Every structure is written in C-alpha cells, then in structure tokens.
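The numbers here are math on the coordinates, done by the rules we state, and not lab data. Worth saying up front: this structure is predicted, and the values here are computed from it rather than measured. Please note: Cβ atoms are built from the backbone with ideal geometry, for glycine as well, and neighbour counts cover all protein chains shown.
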Amino acid sequence: MDKLVVEGGVPLQGEIAVSGAKNATLPLMAATLLASGQHKLSNTPRLRDIRTMGRLLEHMGAACEHDDLMTIDTGSVQKPEAPYELVKTMRASVLVLGPLVARHGCARVSLPGGCAIGARPINLHLEALKQMGAEVLLEEGYVIARARELKGATITFEQVTVTGTENILMAASLAKGATRLVNAAREPEIVALADYLNTMGARIEGAGTSQITIEGVRELTPPADPFPVIPDRIEAGTYLIAAGITGGAITLTHCSPEHLQALIEKLRSAGLTIETGPDRIQVRSNGPIRSIDVKTYPFPGFPTDMQAQFMALMTLGDGVSFIVEQIFENRFMHALELTRMGARIELDGRSAMVRGVKGLSGAPVMATDLRASASLVLAALAAKGITSISRIYHLDRGYESMETKLSQVGARIWREKE
C-alpha cells in the first residue's frame, strides 16, 4: 500500500493540464451498454474507478481497451449482471442498471453497500424503473430488475440525485414513448451524458435544467467519431485551491471555467485573483486568505466534492469560517485529520466552524475518502515540515497522477510504500 509524503511550504508556480472527468467518464462507459458495437471515448482519465468500470463491462462480455483512446466493444455482452466484488469498490457501478434493463430486459446488480461519506440509497432509481414498468426485486443483496419493454412516464425525483438522473436518462432512451424527469440533476456530467446519447440517436431535450424530456427510440448505435470527455471540474478546483493555500500562482489548461462558477466566486471572496479564458484559468494568491462561509448545494451551487478542499484553505483564513454540508451527513471526517496538523475546527452535526491559524505543521495523517485525501494533500502543501498521508488508494480513485502534476509546479511531493 502506498502513501504520499509532502514537504510543505513551497508557493506553487506554473501550469497544470486538467484531465478528463471521472464523474463524466463512468456514466459514458455505462451508456455503451445501450448500443451494440464499438464505442470510442477520448480524454478519458487513467484512474482506479475507470479500471473498475472496465472490469465490470468485461465481466458482462464487453471488450475494453484504454490506450490514447478508450475503446469499448459491446457486441458480445451476454451477462447482464454486476457482482458484489466489483460493485463494492465503486458505487457508480449501479449506473449499469438502467442500460441493462432497457436493452436486455433484465439486470442483476449488487446493492452498493455502505459509503464512508454517508448514505447514498438507490431507492429513487428503483422507484423510477417501477414507474416505467419494470419488476424490481431485492434478493440476497442484489437488485433483480426485469421488463419486457420499458414505457415512458413522468418521474418526479423526491430529491436531486445525479446517478438517479443518469440511470433513468439512459433507461428512458430505449423506452416506448416519452419520459419526463422532474427535479432532475443539472450537473455538467448530466449534459455530457445526454450529448453522448443524442449522438447515438437518442432524443433528449432539457439536459442541464431541472426538467428533462426523453422521447424513446427503438435502437441506438455507437457514434462514428470518438466522443470527448469533459474536463474534471473537481480536479481543476482542487488545483485552484492549491495555488491559494500555498501563496502561489497557477494556470490551469484544458478546463471549463463555466463549470466552476460557484467555486470561483467563493475563491475571489477569499482573496484570490482569478482570470478565466475559454479553456483556461489563471489563479494567484493576493495577500492573506479571507475567512468566508460556505454551504454545499447541488449544481450550480457550491459542490459537495469541493467542501473538504475548501475547508483546508479556510484553516489558514484571517478569521472564522462556517462550512455547512447539506448533501451528505458524514462528510467531515477530514476535519479530525486537519486538526492533527494544527487546524482549529469545531464540528456540530453538518456544520463546521473553522478558526484560521497562522500556520499548519506536518504530521502523519490518514485519508478516509477521495475528497478528504485531496484536502490533506492541500494542507500538507502549505504546512511547515513533512506530512505523510496514508491510505491514498482513495486519492487514486479520482486524481490522475496528482503527485506528478504538483511536482511540475514546484511541490515537494513523492510516493512511498507504507
């Protein structure tokens, strides 16, 4: 098992190219199950979760290759099931449920199980499939779903669900008649999935708004050209904070500033200078970090996936910051590790009060989830001394070559065996 070692205190300077988005690639990979043939995706990141989804598709009979392009051939998919040993390592595996039921008429998908950052029930997915005519059973930890033919329906999600919206968006593409999703998620990854489905022949309108309409078609076909994955907005946001927390200046390339507006506004309020272009962002530190308050919301609000990283920045603020986590009920585990480095953080349910300190100190810390891992790396970059971060397999799920990219802008960071 690997750990990251960071010697902090270096202002980062230089340029970082942002990778393709993990949270866009995974549903696109699941969507290939809707159309028999060869699919090609470009700008796909090399991450642990991507490899897991590839193994899951191969388990079903698909052929997956990941060179400069990702190529997935779904012509031989004959086993519509997702076993527990694969699903337990990545909750996004549940995204195969909708495509399998829509194309093959049946699916056997393991329930995802627990999650470190809180409950992520899939009941909204299952209820939506039932409304579309599927028979859904739970047997021995598996969801068994069958439908001779899915039928369009008006589905109102009780709460905004990204994976639920994606799952039903895919299922409805091959359903008979029109489906209307109300209170749908609005994330850029939803728009990317809808764009891909439309290039396959789907008829989807309204993606990126809270109401999406899907007119089902009889058949989808793989696009002729490689489909580009959108840039990873969470990776980009993490590196924006890396510049601010170290008092440096970084230019991000291959990114989409329009996907980061809520974060950019907060970083400007915290005292950072940020300039944007069509596919690049320049950020530089501009004096002391100002303490500001943050609440997480579904897109286009402040993303829950940036909460831990923003907390790391606020540990060095000039006053008191209140951070409220409104998406997940257990997403402050990084706070205890940050206090080992000298941060002053008080937790009260879903709220955290962060009192800024003049400096952090290196210490041995442990990652508890993907974004918590990133927050510890950020704190370590700013801390005096050496920090070792264990259990970084979490980090490898969502950040492509983080230590390499940070080293290129001056960070003293390296990987060691535990």
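In nm, what is the difference between 0.36 nm times the number of residues separating Lys130 and Arg415 and their Cα-Cα distance?
Details: separation 285, 0.36 × 285 = 102.60 nm, distance 4.74 nm.
Extra length available between Lys130 and Arg415 comes to 97.9 nm.
Please list 377-383, 191-197, 105-111 highest first by mean number of surrounding beta-carbon atoms within 10 Å per residue. List each step's numbers first, then the result.
On the way: 377-383: 28.1, 191-197: 22.7, 105-111: 19.6.
Most protected by this proxy first, the peptides run 377-383, 191-197, 105-111.
Quote the FRET efficiency, to the nearest 0.05, computed for Arg148 versus Ala224 with a Förster distance R0 of 41 Å and r equal to the Cβ-Cβ distance. Kindly include the intermediate steps, with their values, before the conclusion.
Values: r = 31 Å, r/R0 = 0.76.
About 0.85, to the nearest 0.05.
Hey, rough spin-label estimate for Lys295 and Arg51, points 7 angstrom out along Cα→Cβ, what's it come to in nanometres?
For the pair Lys295/Arg51, the computed spacing is 4.1 nm.
Given H placed on each backbone N at 1.01 Å, which residues far from Leu316 in sequence or on other chains put an amide H within less than 5 Å of it?
Val357
Per DSSP H run of at least 4 residues, take -39500 (n - 2.57); add these up for the chain, divide by its residues and hand me the 222 nm value, nearest 500 deg cm²/dmol. Working shown, then result.
Values: 14 runs with 130 residues, N = 418.
Helix contribution divided over all residues of the chain: -9000 deg cm²/dmol.
Which Rg and Dmax, in Å, describe the Cα atoms of the range 1-71?
When restricted to Cα atoms, the range 1-71 yields Rg and Dmax of 16.2, 52 Å.
So for the chain, averaging the separation of alpha carbon pairs under 8 Å that are six or more residues apart and normalising by length, what relative contact order in percent results? Write down the numbers at each step before the final one.
Values: 1034 pairs, mean separation 89.2, N = 418.
Over the chain, the number comes to 21 percent.
Which order results if Thr304, Thr246, Thr276, Thr32 are arranged by neighbouring Cβ count within 10 Å, fewest first? Display every interim value, and only then the final one.
Values: Thr304 20, Thr246 24, Thr276 17, Thr32 27.
Ordered by Cβ neighbours within 10 Å, fewest first: Thr276, Thr304, Thr246, Thr32.
Considering the alpha-carbon set of the range 22-228 alone, what are its Rg and its Dmax in angstrom?
15.2, 41
To the nearest 0.05, what FRET efficiency results for Glu85 and Glu265 with a Förster distance of 60 Å applied to their C-beta separation? Mind dumping the intermediate values first?
Values: r = 43 Å, r/R0 = 0.71.
In this case the efficiency is close to 0.90.
For the range 122-248, state the average projected area of the convex hull of the C-alpha atoms over all orientations, rounded to one decimal in nm².
On the way: hull surface 41.6 nm².
Quarter of the Cα hull surface area: 10.4 nm².
Pull out the extension gain between Leu137 and Glu275, defined as 0.36 nm times the separation in residues minus the alpha carbon to alpha carbon distance; nm, one decimal. Could you put the intermediate results ahead of the total?
Working: separation 138, 0.36 × 138 = 49.68 nm, distance 5.18 nm.
Gain on stretching Leu137 to Glu275: 44.5 nm.
Projected area of the range 122-186, taken from the Cα convex hull and averaged over every viewing direction, in nm²?
On the way: hull surface 16.6 nm².
Seen from a random direction, the Cα hull of the range 122-186 projects 4.1 nm² on average.
First measure r as the distance between the Cβ atoms of Leu347 and Ser407, then evaluate 1/(1 + (r/R0)^6) with R0 = 35 Å and state the FRET efficiency to the nearest 0.05. Mind dumping the intermediate values first?
Numbers: r = 33 Å, r/R0 = 0.95.
About 0.60, to the nearest 0.05.
Between His66 and Val357, what is the label-point separation in nm under the 7 Å Cα-to-beta-carbon projection?
3.7 nm
For semi-axes √(5λ) of the Cα gyration tensor in Å, the listed values are (i) 33, 27, 20; (ii) 38, 21, 20; (iii) 53, 21, 18; which was obtained by calculation from the structure presented?
(ii)
Give the lysines reachable from Lys417 as a straight Cα distance under 19 Å; neighbours fewer than 8 places away on the same chain don't count.
Within reach: Lys3.
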